[in-house]
1. What residue, of Asp196, Asp200, is open to solvent by 40 Å² or more (accessible area, probe 1.4 Å), touching a helix residue (DSSP H, G or I) at 6+ places or on another chain (Cβ under 9 Å) and not basic (Lys, Arg)?
2. Can you pull out every residue in segment 203-225 that is open to solvent by less than 30 Å² (accessible area, probe 1.4 Å) and in a loop (DSSP other than H, G, I, E, B)?
3. Among the candidates Ile131, Ile162, which residue alone is assigned to a helix (DSSP H, G or I), touching a residue at least 40 places away in the same chain (Cβ under 8 Å) and of a type outside the set (Asp, Glu)?
4. Looking at segment 39-76 only, could you name the residues that are touching a Gly at 6+ places or on another chain (Cβ under 8 Å) and under 23 Å from Asp171 (Cβ atoms)?
5. Could you pull out the residue among Val267, Val247, Val238 that is farther than 26 Å from His115 by Cβ, in contact with a Gly (Cβ under 8 Å, 6 or more places away or on another chain) and open to solvent by less than 20 Å² (accessible area, probe 1.4 Å)?
6. Can we say Gln259 is at pLDDT 95 or above and of a type in the set (S, T, N, Q)?
7. Being closer than 24 Å to Glu40 by Cβ and either within 16 Å of ligand 2 (Cβ to nearest atom) or in a helix (DSSP H, G or I) (or both) is the filter here, so list the residues in segment 228-252 that pass it.
Amino acid sequence: MTAATAQTEPATGPGLRIDTARLGYDGRVVSDDLTFTVPEGEFTAVIGPNGCGKSTLLKALARTLRPMSGSVTLGGADVRSLRPKAVARRVAALPQHPVAPESLRVRDLVARGRHPYHSLLRQWMPGDAEIVEEAMAATGVTDQAGRLLSELSGGQRQRVWIAMVLAQRTDYVLLDEPTSFLDLAHQVELLRLCQDMRDDGRTVLAVLHDINQAARYASRLVVMHEGRIVREGTPEQVLDADLVTEVFGIDGLIGRDSQTGAPMVTVRETRVRS
Ligand SMILES: Nc1ncnc2c1ncn2[C@@H]1O[C@H](COP(=O)(O)OP(=O)(O)O)[C@@H](O)[C@H]1O
Ligand SMILES: [Mg+2]
């Protein structure tokens, strides 16, 4: 590899990492001194109460929010020094509130997942169409391929976005509350899809709202509270009654999922009041 390509292409080695970063908006700090390496080859769920900085962390990792200080690196290179398309070939991100032109059709949005692979020299190829069809099939939106996004329900639209992320074929997949808008069957389908991606050797980091789904489906948990990562590990290592009280402000009982043995939180009726 020449020195010139080393600066523009991320290394193929592992490592999506945020280092001693200060994150926030308009001078207001949300997270300070935040260091975190996305666990390689795992399906990690980020959990924590509203407003604790989960989306902010994901935006920084996805390069859509510039840290006030500190850095985000991919394969050891600062993502700011890499071309956006080069990053997009390795990291796909679905924001919490994605926006697309309403006049776009489903297949066209999913096809956008292939844009990072295109250039003046390399335009749309037959292989791209196959990948787009596969991605739509994986999220069950093939029947909607020709419809306008504006005609779809929230849940259908969410699945189209996920298809776009799949079509991007990246090593890292960052999803911010991907199960919102989905009915229970489609939530489970999506969580299994995340597990499948992990089984395929990809790295998934997803903000999940439901602690029990996170504990059941994810291989690792990252718990955030007031802008800090307060715990990280397997669901077994992470979830206990004290954590649930301190972070979520609920009096929780820790039981077991009867099928998988994963820790499961049930809420006692009395709230902890400060
Ligand atoms: N675009 C923004 N502009 C200003 N403040 C924001 C913006 N997005 C989030 N915040 C603030 O940053 C904090 C963390 O938000 P966020 O990362 O979205 O939390 P979470 O995803 O954990 O619910 C909150 O106080 C929120 O109000
Ligand atoms: Mg959020």
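1. Values: Asp200 fails: touching a helix residue (DSSP H, G or I) at 6+ places or on another chain (Cβ under 9 Å).
One residue alone meets the criteria, Asp196.
2. Leu208, Ala218, Ser219
3. Working: Ile131 fails: touching a residue at least 40 places away in the same chain (Cβ under 8 Å).
Matching residue, one of Ile131, Ile162: Ile162.
4. Looking only at segment 39-76, we keep the residues that are touching a Gly at 6+ places or on another chain (Cβ under 8 Å), and these are 40-41, 49, 52-54, 56, 68, 73-76.
Answer for segment 39-76, where residues must be touching a Gly at 6+ places or on another chain (Cβ under 8 Å) and under 23 Å from Asp171 (Cβ atoms): Glu40, Gly41, Lys54, Thr56, Thr73, Leu74, Gly75, Gly76.
5. Values: Val267 fails: open to solvent by less than 20 Å² (accessible area, probe 1.4 Å); Val238 fails: in contact with a Gly (Cβ under 8 Å, 6 or more places away or on another chain).
Of Val267, Val247, Val238, the one residue that is farther than 26 Å from His115 by Cβ, in contact with a Gly (Cβ under 8 Å, 6 or more places away or on another chain) and open to solvent by less than 20 Å² (accessible area, probe 1.4 Å) is Val247.
6. Details: at pLDDT 95 or above: no; of a type in the set (S, T, N, Q): yes.
Taking the combined requirement at face value, the residue does not satisfy it.
7. Initially, segment 228-252 is screened for residues closer than 24 Å to Glu40 by Cβ, giving 228-239.
Result: Arg228, Ile229, Pro235, Glu236, Gln237, Val238.
The rows are residues; the columns are (1) within 16 Å of ligand 2 (Cβ to nearest atom); (2) touching a Cys at 6+ places or on another chain (Cβ under 7 Å); (3) not acidic (Asp, Glu).
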| site | (1), (2), (3) |
| --- | --- |
| Val38 | no, no, yes |
| Leu65 | yes, no, yes |
| Gly76 | no, no, yes |
| Lys85 | no, no, yes |
| His115 | no, no, yes |
| His118 | no, no, yes |
| Gln123 | no, no, yes |
| Ala129 | no, no, yes |
| Asp143 | no, no, no |
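The values are calculated or read from the model by the stated rules, or taken from the named source; none is laboratory data. Here the structure is a predicted model, which means the values were calculated and not measured. Neighbour counts are summed over all protein chains in view; Cβ atoms, including those assigned to glycine, are modelled from backbone coordinates with ideal geometry. Heads up: the accessible areas ignore ligands, DNA and RNA and are worked out on the full protein's heavy atoms, side chains in. Shrake-Rupley method; radii C 1.70, N 1.55, O 1.52, S 1.80 Å.
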